[in-house]
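Following: one structure in structure tokens, then a few remarks.
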Amino acid sequence: MLELKNIHAVICDNKKEILKDLNLTIGDGEVHAIMGPNGAGKSTLSKVIMGHYSYKITSGDIIFDGKNINDLETYKRARLGMFIAMQDPTVIDGVSSIEFLKEAISEKTGEKVNLYSFIKDIEKNIKDLNLRDDMIHRSVNSGFSGGEKKKNEVLQLKMLKPSFIILDELDSGLDVDSLRECCLNINNYLNENPKTSVLIITHYPKILSYIKPNYVHVLEDGKIVKTGSHELALFIEKNGYTGIKEMVEE
Ligand code: ADP
Ligand code: MG
């Protein structure tokens, strides 16, 4: 599904290299987690995968479903089925969530949305996510609590039906009940769409106890320095990142 080959990427503004020879292969239906200290380059990685204009790949290749997407615009990546739930969701004043979703779906599919099934779908997902009914008529993320913003990302995910999902610290700013609700909704989506792949960026093993990863990677200074199983996440919670490179999994 997604292959990153020897990726080097810089910040366009200051040419600082953040990703340094990064390799990662995510197969269909696989869940990968990335952990790593603050400033390691996790959010940069997620934005480079999505083609954010602030970052430039200086060498290496990103392959999605067999196609090189190094130079593909973000909206075209979204059309291919790529999706990111952002660490800090953007507020869009003056655009209601319902209008936003309707436009986004029709931009993604290239077709006018069927209003009847759209409304039915949105109502079901709002209920499943335990969101307030009136939120879809409010401006996107405007005045939302931290938890509502993250749930709104999951609502977008479920409505846009991606085949590749990045969750960039979905668990930050979420209380335990909201985290569980978000994860149950994502798991339902994954059960219904088993070929969907997920990249979970997190500091905590909790989210990984709901959405079980096939692999856990540690990113440090723009490189993956360690790959393991769910156990690695538990080890990190206990011991931190020091000495992780030398650690041997039992
Ligand atoms: P993480 O998500 O692992 O905490 P980031 O990818 O957000 O790390 O950031 C990695 C490093 O790159 C940090 O030092 C951060 O300050 C810097 N950085 C990322 N994006 C930008 C940007 N657009 N402008 C300037 N510095 C940036
Ligand atoms: Mg980050």
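The values are calculated or read from the model by the stated rules, or taken from the named source; none is laboratory data. The shown structure was predicted, so the numbers you read here are calculated from the model rather than taken from an experiment. FYI the Cβ positions are ideal-geometry reconstructions off the backbone, even for glycines, and counts take in every protein chain you see. Keep in mind that these areas ignore ligands, DNA and RNA; they rest on the heavy atoms of the full protein, side chains included. Shrake-Rupley method; radii C 1.70, N 1.55, O 1.52, S 1.80 Å.
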Unique match (being among the acidic types (Asp, Glu) and within 16 Å of Pro89 (Cβ to Cβ)) among Glu169, Glu192: Glu169
Test set (1) more than 16 Å from ligand 2 (Cβ to nearest atom); (2) out of contact with any helix residue (DSSP H, G or I) (no Cβ under 7 Å at 6 or more places or on another chain); (3) assigned to a loop (DSSP other than H, G, I, E, B) - Lys112 fails condition number: (2)
Subset of the stretch 59-91 [within 16 Å of ligand 2 (Cβ to nearest atom), closer than 20 Å to Gly41 by Cβ and surrounded by 15 or more Cβ atoms within 10 Å (Cβ to Cβ)]: Ile84, Ala85, Met86, Gln87
Pick from the stretch 9-49, criterion buried (at least 19 other Cβ atoms within 10 Å of the Cβ) and among the charged types (D, E, K, R), ranking: farthest from Leu219 (Cα to Cα): Lys47
All positions within the stretch 74-97 that are outside any strand (DSSP E or B) and touching a Phe, Trp or Tyr at 6+ places or on another chain (Cβ under 9 Å): Thr74, Arg77, Leu80, Gly81, Pro89, Val91
Selection within the stretch 91-116 - under 21 Å from Glu148 (Cβ atoms), touching a residue at least 40 places away in the same chain (Cβ under 8 Å) and of a type in the set (D, E, K, R): Asp93
Cβ-Cβ under 7 Å pairs, at least 6 apart or on other chains, the stretch 184-208 side without any contact (Cβ under 8 Å) to a residue 60 or more places away in the chain and polar (S, T, N, Q), far side in a helix (DSSP H, G or I) and surrounded by fewer than 22 Cβ atoms within 10 Å (Cβ to Cβ): Asn187/Tyr210
Test: residue in the stretch 123-143 that is touching a helix residue (DSSP H, G or I) at 6+ places or on another chain (Cβ under 6 Å), under 30 Å from Gly222 (Cα atoms) and not in a helix (DSSP H, G or I): no
Pairs with Cβ under 8 Å, 6+ apart, first in the stretch 117-139 and within 23 Å of Leu184 (Cβ to Cβ), second of a type in the set (S, T, N, Q) and open to solvent by 60 Å² or more (accessible area, probe 1.4 Å): Asp128/Asn188
Flag for Lys56 being basic (Lys, Arg), away from ligand 2 (no atom under 16 Å from the Cβ), farther than 20 Å from Ala233 by Cβ and not in a loop (DSSP other than H, G, I, E, B): yes
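Residue-wise test of (1) near ligand 1 (Cβ under 8 Å from one of its atoms); (2) in contact (Cβ under 8 Å) with a residue 40 or more places away in the chain; (3) farther than 20 Å from Ser163 by Cα; (4) assigned to a helix (DSSP H, G or I).
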residue	(1), (2), (3), (4)
Glu3	no, yes, no, no
Ile7	no, yes, yes, no
Val10	no, yes, yes, no
Asn14	yes, no, yes, no
Leu19	no, yes, yes, no
Leu24	no, yes, no, no
Asp28	no, yes, no, no
Ala33	no, yes, no, no
Lys47	yes, no, no, yes
